[in-house]
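This report concerns only the one structure given below.
The values are calculated or read from the model by the stated rules, or taken from the named source; none is laboratory data. Please read all numbers here as calculations on a predicted model, not as lab measurements. Cβ: placed from backbone, ideal geometry, glycine included. Neighbour counts: every protein chain shown.
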Amino acid sequence: MKKILLVEDEAQVVSFINKGLVENGYDVSIAMDGKTGLTLFEKSQFDLIILDIMLPEMNGLELCKEIRKSNNLVPIIFLTALGTSENVVLGLDTGADDYLVKPFKFMELTARIKSLLRRSEKVILTNQDENQDGDYFKINDLEIDDYTKTVKRNGETIVLTSTEYKLLIHFARFKNKVLSRANLLDEVWGIGFDIGSNVVDVYVNYLRKKIDTNSEKKLIHTVVGMGYVMKET
């Protein structure tokens with residue numbers, strides 16, 4: 001039975017979600033504030049975590065950051081009324097895997113939970129089988145060492161956030177292939193749905209500023225109406 005931690009301070013929402021998840025065969029632990037959520041996380045192992053952002057004691061963004069300090073694999077879904085593009089980007093940038101805006105349909109929540117759990121199991125199996133040497137990519141004067149998680153261009157180290165790095169690695173692995181926004185959402189964020197924001201475009205622009213701004217040869221290109229591609233020019 002999969003264990004889910006639900007951190008939510010609205011009693012009606014807690015009751016609604018808990019009832020539905022239990023009926024779907026999940027073991028649910030509940031915290032009504034961020035600090036209690038962190039305590040439960042530290043005392044037990046969960047297969048997935050659902051967080052509100054506006055929480056007493058410790059907000060969801062702070063809680064997500066604390067969780068990510070010790071666990072990069074457990075899927076985290078933000079479930080919140082804060083639905084602007086800026087909120088979505090901020091939520092995903094703190095380490096969340098998905099972002100669902102209230103009000104929501106329970107069937108969509110369960111679909112996303114199942115999708116993230118499948119993806120999590122695949123990642124665990126892949127990590128168990130991976131070569132310890134990792135992968136090394138060189139595209140023009142861009143160098144990516146996936147074992148040490150370091151990126152350099154023209155010999156200069158480039159500091160990336162976790163999400164920016166995952167996006168760059170995906171581009172590098174599929175060099176010269178046009179990748180759609182839907183593909184990037186699925187492969188980089190693990191979201192097989194349109195989350196109704198421009199999060200992909202925002203992060204591609206972040207990455208371009210760090211990778212391409214100070215170089216004559218641009219590596220990340222827009223293919224109008226189709227997506228993005230990384231290629232040497």
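In region 207-233, what residues are modelled with pLDDT of 85 or more and part of a loop (DSSP other than H, G, I, E, B)?
Asp212, Thr213, Ser215, Glu216, Lys217, Lys218, Leu219, Val224, Gly225, Met226, Lys231
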Residue that is assigned to a strand (DSSP E or B) and among the aliphatic types (A, V, I, L, M), where the choices are Leu6, Leu40, Leu21 = Leu6
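Can you find even one residue in region 86-107 that is among the aliphatic types (A, V, I, L, M), out of contact with any Phe, Trp or Tyr (no Cβ under 8 Å at 6 or more places or on another chain) and without any contact (Cβ under 8 Å) to a residue 24 or more places away in the chain? Before the answer, list the steps.
At the first step, the residues of region 86-107 found to be among the aliphatic types (A, V, I, L, M) are 88-90, 92, 96, 100-101, 107.
Adding the requirement that they be out of contact with any Phe, Trp or Tyr (no Cβ under 8 Å at 6 or more places or on another chain) leaves 90, 101, 107.
Add one more test, that the residue is without any contact (Cβ under 8 Å) to a residue 24 or more places away in the chain, and what stays is 107.
Yes: region 86-107 contains one or more residues that are among the aliphatic types (A, V, I, L, M), out of contact with any Phe, Trp or Tyr (no Cβ under 8 Å at 6 or more places or on another chain) and without any contact (Cβ under 8 Å) to a residue 24 or more places away in the chain.
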request  = Return only the number of the condition from (1) at pLDDT 85 or above; (2) exposed (fewer than 14 other Cβ atoms within 10 Å of the Cβ); (3) over 21 Å from the mean Cα position of the chain (by Cα) that Asn131 does not satisfy.
outcome  = (1)
request  = Inspect region 60-77 for any residue being part of a loop (DSSP other than H, G, I, E, B), touching an Asp or Glu at 6+ places or on another chain (Cβ under 8 Å) and not β-branched (Val, Ile, Thr) and give the result as yes or no.
outcome  = yes
request  = From the list Ile113, Ile139, Ile144, pick out the single residue that is at pLDDT 85 or above, surrounded by 15 or more Cβ atoms within 10 Å (Cβ to Cβ) and either more than 23 Å from Val202 (Cα to Cα) or out of contact with any helix residue (DSSP H, G or I) (no Cβ under 8 Å at 6 or more places or on another chain) (or both).
outcome  = Ile113
inquiry  = Under 8 Å between Cβ atoms, which residue pairs at least 6 apart in sequence (or on different chains) link something in region 13-42 that is free of Cβ contacts under 8 Å to residues at least 12 places away in the same chain with a partner that is small (Gly, Ala, Ser) and surrounded by 17 or more Cβ atoms within 10 Å (Cβ to Cβ)?
reply    = Thr39/Ala31
request  = From Val88, Val7, grab the single residue that is hydrophobic (A, V, I, L, M, F, W, C), in contact with a Ser or Thr (Cβ under 6 Å, 6 or more places away or on another chain) and buried (at least 19 other Cβ atoms within 10 Å of the Cβ).
outcome  = Val88
key: Tabulated pairs, region 167-180, first farther than 9 Å from Phe137 by Cβ, second surrounded by fewer than 19 Cβ atoms within 10 Å (Cβ to Cβ) and of a type outside the set (A, V, I, L, M), C-beta under 6 angstrom, 6+ apart or interchain   = His170/Glu187; Asn176/Lys231; Val178/Gly227; Leu179/Gly227; Ser180/Gly227
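Quick one: which residue in Val188, Val204 is at pLDDT 85 or above, outside any loop (DSSP other than H, G, I, E, B) and either outside the structural domain of Arg153 (by TED's automatic domain parsing) or under 15 Å from the mean Cα position of the chain (by Cα) (or both)?
Val204
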remark   = Flagged in region 1-15 as of a type in the set (A, V, I, L, M) and touching a Phe, Trp or Tyr at 6+ places or on another chain (Cβ under 8 Å), in numbering order, are Met1, Ile4, Leu5
ask   = Leu55 versus (1) assigned to a helix (DSSP H, G or I); (2) at pLDDT below 95; (3) touching an Asp or Glu at 6+ places or on another chain (Cβ under 6 Å): which is the lone unmet condition?
value = (1)
